[in-house]
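Before any comments, here is the structure.
The values are calculated or read from the model by the stated rules, or taken from the named source; none is laboratory data. From a predicted model like this one, the values you see are computed outputs, not experimental measurements. Cβ coordinates were reconstructed from backbone atoms using ideal geometry, including for glycine residues, and neighbour counts include every protein chain displayed.
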Amino acid sequence: MSAELDREIHRRRTFAIISHPDAGKTTITEKLLLFGGAIQLAGAVKAKKSQQSARSDWMAIEKERGISVSTAVMSFEYRDLALNLLDTPGHNDFSEDTFRTLTAVDSVLMVIDAAKGVETQTRKLLEVCRLKRTPVITFMNKLDMDAMGPLDLLDNLEKELGMKCTPFTWPIGMGPHFKGVYDLRDKTVNFYLAAQRGRRNEREILPDLECDAAKELLGLDRETLIEETELLHGAAQPWDEQQFLRGQLTPVFFGSALNNFGVKELLDCFCDLAPPPQPRETTTRIVLPEEEKFSGFVFKIQANMDKNHRDRMAFLRVCSGNFRRGMRLVHVRTGKDLVVRNAMTFLARDRSIVEDAWPGDIIGIPNHGTIRIADTFTEGEALSFTGVPSFAPELFRRVRLKDPMKAKQLQKGLEQVCEEGAAQLFRPLIGSDYIVGALGALQFEVIEARLKEEYSVDAAFDGMSLQNCRWVAFEHPAGTTAPQAAQLRRTFENAYTKDLFLDGAGNLCLLTETRFRADYIAEKNPGVRLRNTVELH
Ligand code: G4P
């Protein structure tokens, strides 16, 4: 391995922030970018959101609702590290992209609103992390507001997420009496002066709890802190790095993102704890980041915001080797060569042409629809990275075409938009309906608007009572011949024709009104497995 490759791998941290809407993800992102010198002004992230949405018409939805529809990648430097932060929209109307982004990171920062504890979206996102055994670092936010007690918060986290936690810091007071955080490892007190002086971001580091300044400044809270930390001594999980790296234990930090309190401590610890780019599995072997030959996979496709160009951006995570501008890569699925001269990199403020990229980096490859989610690029080896799943949608709508003359455009539009991966297209085994499935209702509005804008098709989405999607896999006993297998499939298809559909890739799916019916069908057909996710590769 070249020394340069080794150095670049070890200085990279590729991560995502997950949270429930309003827990403070945007605020904390902004603070991280400020520390990284990537932005100069607080408020820039939100301002950028609205600038971007103003650039395209269909993204007006984004502006109207004040939420970010598309995920973005932001790279910035901190200390001597190169950090790649992958954004995951946390609004209720999040999409499969949100989940899939988590397949491209090596660690996750989880932000929790300390007044609310673990909320639904966090729970869902963490399930994906657990599946991948991704290390998670937790930040309890909004300690400057009335919040749950720190012990209750840890308890809530352990119970709700089934994850052990080790506090690294401990809050002193809460809400209007929030005085700072105690570092449980080096025993210093990070005293927060804001409450006293009415100014954000002022702090003083006290060497320990016994110094005169601590006694004077903390008052009665000092006694409570001593009691709580003694309690913790017996009750808290001891730190275990191996368990953390396997995603079984999370270090917990307390603070207030808005007041920029506890965020730098979090970022510093994050840089020390979060792992550099990790090995990745393929269908044939494990790829190590330090391999000299380049490889990477696509985890997200995004349509160009500019409606005059049908280009799409394929976001690729570099898994091994070094990418250089103008490199000839093999697009493994099609077997075609691609000379990549115009790949983009995403600095917080801007995008620019990539000259060089290393494992852990995300590059954007513009294309006209030839690249799909889960596609692998290599220098020649026929690798196929696994673990990029498609998740079962939870909402379904039937597409109604208002002008029957536009059937062809509708099909093309739906296929192309759904190939990007934020929603899924289904066709019944019998009949000609188009059914779109998504994880969030906003996706239907986005697709409707895009069909109109980009394909000049007026379509409406009608509600359906379907709620459950499972992919069908047949498990035949050893010795089953191909004709027997085909017969079993035909029998199953005949028995449940009304419930069966094909997804965009031609996989057989069962769409039902209730989970109960799907479970019933699974029970009645022991040779059939019904799955919640399907691997894309
Ligand atoms: P999100 O991306 O996770 O959805 O959350 P975001 O950062 O947008 O924060 C949601 C709201 O919570 C914002 O208020 C934000 O200012 C506030 N907030 C974030 N961190 C803290 C904190 O540590 N303490 C307190 N008190 N509030 C915090 P907003 O009124 O919805 O928006 P805005 O007026 O700030 O734009």
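With respect to being in contact with a Cys (Cβ under 7 Å, 6 or more places away or on another chain) and either within 16 Å of the ligand (Cβ to nearest atom) or at pLDDT 90 or above (or both), LEU102 fits the description.
Kindly indicate whether any position in segment 246-265 is over 21 Å from the mean Cα position of the chain (by Cα) and more than 16 Å from the ligand (Cβ to nearest atom). No, every residue in segment 246-265 fails to be over 21 Å from the mean Cα position of the chain (by Cα) and more than 16 Å from the ligand (Cβ to nearest atom). Taking segment 255-269, which residues are in contact with a strand residue (DSSP E or B) (Cβ under 6 Å, 6 or more places away or on another chain) and either modelled with pLDDT of 95 or more or farther than 20 Å from ILE18 by Cβ (or both)? Listed by number, the list holds a single entry, PHE261. Within segment 11-18, the presence of at least one residue that is more than 10 Å from the ligand (Cβ to nearest atom), more than 21 Å from the chain's Cα centre (by Cα) and modelled with pLDDT of 90 or more is confirmed. The set of residues from segment 323-358 being in a loop (DSSP other than H, G, I, E, B), buried (at least 19 other Cβ atoms within 10 Å of the Cβ) and not aliphatic (A, V, I, L, M) comprises just one member, TRP358. Would you check if there is a residue in segment 192-200 being at pLDDT 80 or above and aromatic (Phe, Trp, Tyr)? Within segment 192-200, none of the residues are at pLDDT 80 or above and aromatic (Phe, Trp, Tyr). Restricting the first member to segment 127-145 and to residues that are among the hydroxyl-bearing types (Ser, Thr, Tyr), and the second to residues that are more than 16 Å from the ligand (Cβ to nearest atom), the beta-carbon pairs closer than 6 Å and six or more apart or on different chains are THR134/GLY247; THR138/THR250. One residue alone among LEU143, LEU153 is more than 13 Å from the ligand (Cβ to nearest atom) and either within 22 Å of THR29 (Cα to Cα) or of a type outside the set (Phe, Trp, Tyr) (or both), and that residue is LEU153. Out of all the residues in segment 230-244, which are of a type outside the set (D, E, K, R), out of contact with any helix residue (DSSP H, G or I) (no Cβ under 9 Å at 6 or more places or on another chain) and within 27 Å of VAL108 (Cβ to Cβ)? Of everything in segment 230-244, those that are of a type outside the set (D, E, K, R), out of contact with any helix residue (DSSP H, G or I) (no Cβ under 9 Å at 6 or more places or on another chain) and within 27 Å of VAL108 (Cβ to Cβ) turn out to be PRO238, TRP239, GLN242, GLN243.
On inspection, PHE270 does not qualify as in contact (Cβ under 8 Å) with a residue 12 or more places away in the chain, on the phi < 0 side of the Ramachandran plot and within 16 Å of the ligand (Cβ to nearest atom).
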